[in-house]
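Colleague: A single structure is presented below for examination.
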Protein chains: 2
Amino acid sequence: MSKSEGAELPVLDTGAVPCCPPIAAGELSPADAEKMAAMFKALSDPVRLRLFSKVASYAGGEACVCDISDVGVSQPTVSHHLKKLREAGLLTSERRGTWVYYRVAPSVVAAMSAMLDLRT
Amino acid sequence: MSKSEGAELPVLDTGAVPCCPPIAAGELSPADAEKMAAMFKALSDPVRLRLFSKVASYAGGEACVCDISDVGVSQPTVSHHLKKLREAGLLTSERRGTWVYYRVAPSVVAAMSAMLDLRT
């Protein structure tokens, strides 16, 4: 078994969410607002949002940086954006061999969706 | 009947949305990504997000700047944030007498929630 094979990057979203209550249920606390604003910030760049949608919609729900870098920016820029999405908890990643593979962190994205759900 | 009683707020978001498809349904187009990124950007500031939740959760679904400015910043800053939320289409506003009243634009917020709904 190679050194990198099967090595798991930390799953960043464990325990970090669900945050937060639905937006219409009551005033958001300053602490929850800080957390959620950071997540929305991660999606506030058009290229980052396209990369996020590419990962989310990729066959099998997982994409390598090599699969999704056709967004009109350099590969280092793609990697930078993916890192920001990972740091915000919206993507998880795993290195396998040469490449890092990304997945959407479903609980974090579900928390954002639920927060904006006015029906709840 | 007073001038303001029973007056309906204009629905400013008609026709502006729904944008966009659910994030897992396929790759977001560059144009849709621009639109959605601007909406997420409007929620990417903690104070702005708190103001948004205050409007959304205010009794009757409508709040005056006078009702919601206790977020630890000056009233001009509050007004600036509310303007940004309005420009992004997330709030609608109506001036009545001295004050401007804000409401959440439900279809815009629903579009953002639906876009992040991984179940669809």
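Colleague: Please indicate, with yes or no, whether at least one residue in region A:43-58 is in contact with a Leu (Cβ under 8 Å, 6 or more places away or on another chain), closer than 23 Å to B:D117 by Cα, hydrophobic (A, V, I, L, M, F, W, C) and assigned to a loop (DSSP other than H, G, I, E, B).
Modeller: Checked against the condition, which is being in contact with a Leu (Cβ under 8 Å, 6 or more places away or on another chain), closer than 23 Å to B:D117 by Cα, hydrophobic (A, V, I, L, M, F, W, C) and assigned to a loop (DSSP other than H, G, I, E, B), region A:43-58 yields at least one hit.
Colleague: State yes or no: is B:V109 at the interface with chain A (Cβ under 7 Å from one of its Cβ atoms) and β-branched (V, I, T)?
Modeller: Yes: the conditions hold for B:V109.
Colleague: I'm told B:G89 meets every condition in (1) in contact (Cβ under 8 Å) with a residue 24 or more places away in the chain; (2) on the phi < 0 side of the Ramachandran plot except one. Can you identify the failing condition by its number?
Modeller: Unmet condition: (2).
Colleague: Right, something else. Tally the residues that are more than 13 Å from every other protein chain (Cβ to nearest Cβ), in contact with a Leu (Cβ under 9 Å, 6 or more places away or on another chain) and not basic (K, R), restricting the search to region A:72-90.
Modeller: Within region A:72-90, residues that are more than 13 Å from every other protein chain (Cβ to nearest Cβ), in contact with a Leu (Cβ under 9 Å, 6 or more places away or on another chain) and not basic (K, R) number 4.
Colleague: Taking region A:96-112, which residues are among the small types (G, A, S) and at pLDDT 90 or above?
Modeller: A:G97, A:A105
Colleague: Please specify each residue of region A:43-57 satisfying the condition of being more than 7 Å from chain B (Cβ to nearest Cβ), crowded, with 20+ Cβ neighbours inside 10 Å and out of contact with any strand residue (DSSP E or B) (no Cβ under 9 Å at 6 or more places or on another chain). Steps first, please.
Modeller: Here is the first cut: in region A:43-57, the residues more than 7 Å from chain B (Cβ to nearest Cβ) are A:47-48, A:51, A:55.
Then drop every residue that is not crowded, with 20+ Cβ neighbours inside 10 Å, which leaves A:48, A:51, A:55.
Within region A:43-57, just A:R48 meets the criteria.
Colleague: Looking at (1) more than 9 Å from chain A (Cβ to nearest Cβ); (2) in contact with a helix residue (DSSP H, G or I) (Cβ under 8 Å, 6 or more places away or on another chain); (3) among the aromatic types (F, W, Y), which is the only condition B:Y101 fails?
Modeller: Condition (2) is where B:Y101 drops out.
Colleague: What single numbered condition from (1) exposed (fewer than 15 other Cβ atoms within 10 Å of the Cβ); (2) over 22 Å from B:L49 (Cα atoms) fails to hold for A:P30?
Modeller: Condition not satisfied by A:P30: (2).
Colleague: Sticking with this one: Looking at A:S93, A:S69, can you tell me which residue is more than 10 Å from every other protein chain (Cβ to nearest Cβ), in contact with a helix residue (DSSP H, G or I) (Cβ under 6 Å, 6 or more places away or on another chain) and at pLDDT below 90?
Modeller: Unique residue meeting the criteria: A:S69.
Colleague: For A:A38, only one of the following conditions fails: (1) more than 19 Å from A:S113 (Cβ to Cβ); (2) at the interface with another protein chain (Cβ under 9 Å from one of its Cβ atoms). What is its number?
Modeller: If we test A:A38 against (1) more than 19 Å from A:S113 (Cβ to Cβ); (2) at the interface with another protein chain (Cβ under 9 Å from one of its Cβ atoms), just (1) comes out false.
Colleague: Take the residues in region B:67-97 that are charged (D, E, K, R) and in a strand (DSSP E or B); name whichever of them is surrounded by the fewest Cβ atoms within 10 Å (Cβ to Cβ).
Modeller: Applying the filter and picking the extreme gives B:R95.
The values are calculated or read from the model by the stated rules, or taken from the named source; none is laboratory data. Quick caveat: nothing in here was measured; it's all calculated off a predicted structure. In this analysis, Cβ positions are derived from the backbone assuming ideal geometry, glycine residues included, and neighbour counts consider all displayed protein chains.
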